[in-house]
Amino acid sequence: MDQIIVTGNGAVNGQIPIAGAKNACLTLMPACLLSEEPLTLTNAPRLSDIKTMTELLESLGAEISTLSDGQVIAMSCHGEMNHVADYEIVRKMRASNLVLGPLLARLGEAVVSLPGGCAIGARPMDIHTDGLELMGATIELKDGYLHAKAPTGGLKGAVIDFPFASVGATENIMMAATLAKGTTVINNAAREPEIVDLADCLRRMGAQISGDGTSSITIEGVDRLGAATHPVVTDRIELGTYMLAPAICGGEVECLGGRLSLVESFVEKLNMAGVDVTETDKGLKVARKNGRLKALDVTTEPFPGFPTDLQAQMMAMLCTASGTSVLEEKIFENRFMHAPELVRMGASIEVHGGTATVHGVDKLKGAPVMATDLRASVSLILAGMAAEGETVVRRVYHLDRGYEKVVSKLSGIGAKIERVKET
């Protein structure tokens, strides 16, 4: 098993290329199940989760090729298809549940294991299945699998009012509705950039979708979808993560491909803490202002609010800010597992339920720490970059699910970081 060794090395400077979005690509790939014609994705990230989704789609009958060193994914579902998504694959990744809607719409039947992923809290499938049942599907849970069937004649359009703005459920219903008979309206829909990216891709395939990016999305069902080539949107979470490197360590870094519209609420907090962010013709340039960072209060919310996937990284920054910061996690209830590891590095953090209070200290100190999930793993690396001495991050296999070439990207801006085998 690998580990990452980070040694505090002062300010960072240079450029970091930002990859295509993991969460967008994992949503776009199942869209290939909706058509007999090919779907090609460009600007794809090279991550273990992408390999897992490839394995799942191939098990369902998709033919998939990766080109341009993995940054282009060519997919086709023109042959015989399988409607059963097996537990042994699905258990590895939460996004596997996104094959449910497309399989049901295309084949009229789907058997999908309940999914796995990071252990950051309950993410029930009820909101997905309730929406599909409103479209006429019958769904039964048996032996850990969702058994879903569409009515004779296929799914039918419906008005679906979500109890909360679920990203995954919005994506599943959107894909299912493209081939449904009639009009589907999703109210209280998620508004994330990944939703807009999926809608753009589906429109390229011939879907009729409007309202994406707002809380009400309308889909007019069509008889069939066709071929398309679509570029994956920039990963706003990788973008925000690397923007924090100069914020924590000092220096100036330009994140290539970044757009302010993807991270506005995050940038607002950075500005309040004492970090300058400017848009350039290549991306976003980030530099810490003179003096110590200021404490902040942060509450995670659905987009366009502060992203839950940047909470752990922001906590790493606030560990050495002047004053007391309060972080409130409103999306996932178990998302402070990185806090005890930061405490091992000298941070002063108190966690009570969904709230973490961070009392800023002058300096963090290197220590052996353990990654507990994807975003926690990179938060520990960021903390190690600013700490005195050496930090050893174990269980970094989480990292491979969401960050490509993290060692080379960070060493490229001056970080002292290496990945080695555990002894």
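Cut-off is 10 Å between beta-carbons; in what order do VAL90, VAL222 appear when sorted fewest neighbours first? Numbers along the way, then the final one.
On the way: VAL90 24, VAL222 16.
Lowest count first: VAL222, VAL90.
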### Degrees between helix 193-204 axis and first principal axis of the chain (Cα, 0 to 90, nearest 10)
40 degrees
### Message
I want to check the label-to-label distance for LYS294 and THR152. Put each point 7 Å from Cα in the C-beta direction and report it in nm to one decimal.
### Response
6.8 nm
## Note on the structure
Per-residue ellipticity at 222 nm attributable to helices in the chain (runs of n ≥ 4 DSSP H, -39500 (n - 2.57) apiece, nearest 500 deg cm²/dmol) works out to -8000 deg cm²/dmol
#### Entry: Additional length obtainable on full extension of the chain from THR138 to THR214, 0.36 nm per residue less Cα span
24.5 nm
## Note on the structure
For the range 273-288, in residue order, the Karplus 3J(HN,Hα) values (coefficients 6.51, -1.76, 1.60; θ = phi - 60°; whole Hz; Gly and Pro = x) are 7, x, 10, 8, 10, 10, 7, 10, 6, 10, x, 10, 9, 10, 8, 7
### Message
Suppose every Lys and Arg Cβ carries +1 and every Asp and Glu Cβ carries -1, with no other charges. What dipole size does the chain come out with about its Cα centre, to the nearest 20 debye?
### Response
880 debye
### Query
Cβ under 11 Å from ALA228's Cβ, ALA228 left aside: what net charge do those residues give with Lys, Arg +1 and Asp, Glu -1?
0
### In Å, descending, principal axis extents of the Cα set of the range 32-78
25, 18, 13
### Query
Which percent, nearest 5, of DSSP beta bridges in the range 22-231 are antiparallel?
70 percent
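Given a Förster distance of 35 Å, report the FRET efficiency between LEU260 and LYS405 from their Cβ-Cβ distance, rounded to the nearest 0.05.
Details: r = 24 Å, r/R0 = 0.69.
Between LEU260 and LYS405 the formula returns 0.90.
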### Query
Simple spin-label model, 7 Å along Cα-to-Cβ: GLU328 to ASP281 in nm?
4.4 nm
### Task
With everything on Cα atoms, drop me the angle between helix 48-59 and the longest principal axis of the chain, reported from 0 to 90° to the nearest 10.
10 degrees
### Message
What translational diffusion coefficient, to the nearest whole µm²/s, does the range 22-231 have by Stokes-Einstein, given a Kirkwood radius computed over alpha-carbon pairs, a temperature of 37 °C and 0.692 mPa s viscosity?
### Response
198 µm²/s
### Message
Cut-off under 18 Å on the C-alpha distance; same-chain residues fewer than 8 positions from LYS330 excluded. Which lysines are left, in chain and number order?
### Response
LYS269
### Query
Taking 0.36 nm per intervening residue step and subtracting the Cα-Cα distance, what contour gain separates ALA11 from ARG91 on full extension?
24.8 nm
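Quick check on the exposure proxy: order GLU404, GLU37 from fewest to most C-beta atoms within 10 angstrom. Present the calculation step by step, with values, prior to reporting the outcome.
Values: GLU404 22, GLU37 16.
In increasing order of surrounding Cβ atoms, one gets GLU37, GLU404.
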### Charge dipole (the chain, unit charges on Cβ, about Cα centre) - positive-most of VAL111, ALA169, PHE266
PHE266
### Task
Amide H neighbours of MET370 under 5 Å, at least 5 residues apart or on other chains, H built in the peptide plane: list them.
ARG394
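Sorted by average packing, counted as other Cβ atoms within 10 angstrom per residue and highest first, what order do 184-192, 282-290 take?
Working: 184-192: 21.8, 282-290: 17.7.
Answer by packing, highest mean first, reads 184-192, 282-290.
By count of other Cβ within 10 Å, fewest leading, how are ILE381, ILE4 ordered?
Numbers: ILE381 26, ILE4 23.
Taking fewest neighbouring Cβ atoms as first place, the list is ILE4, ILE381.
Determine, from the Cβ-Cβ distance of GLU37 and MET272 and an R0 of 56 Å, the FRET efficiency 1/(1 + (r/R0)^6), rounded to the nearest 0.05.
Numbers: r = 48 Å, r/R0 = 0.86.
With R0 = 56 Å, the Cβ-Cβ based efficiency is 0.70.
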#### Entry: Rounded to whole Å, sorted largest first: equivalent-ellipsoid semi-axes of the range 128-193, Cα gyration tensor
19, 16, 9
### Query
Within straight cross-link reach of LYS51, meaning Cα distance under 20 Å, which lysines are found once same-chain residues fewer than 8 apart are removed?
LYS22, LYS92, LYS405
### Summary
Distance in nm between LEU114 and SER65 label points, each 7 Å along Cα→Cβ, equals 4.0 nm
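Cβ under 12 Å from LEU28's Cβ, LEU28 left aside: what net charge do those residues give with Lys, Arg +1 and Asp, Glu -1?
Values: positive: LYS22, ARG204; negative: GLU171, GLU194, ASP197, ASP200.
Local charge sum for LEU28: -2.
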### Candidate lysines - alpha carbon under 26 Å from LYS156, same-chain residues fewer than 8 apart omitted
LYS142, LYS181
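Every number in this text was worked out from the coordinates using simple rules, so none of it is lab data. Everything numeric in this text was worked out from a predicted model, so none of it was measured. Glycine gets a Cβ as well: all are built from the backbone with ideal geometry, and neighbour counts include every protein chain shown.
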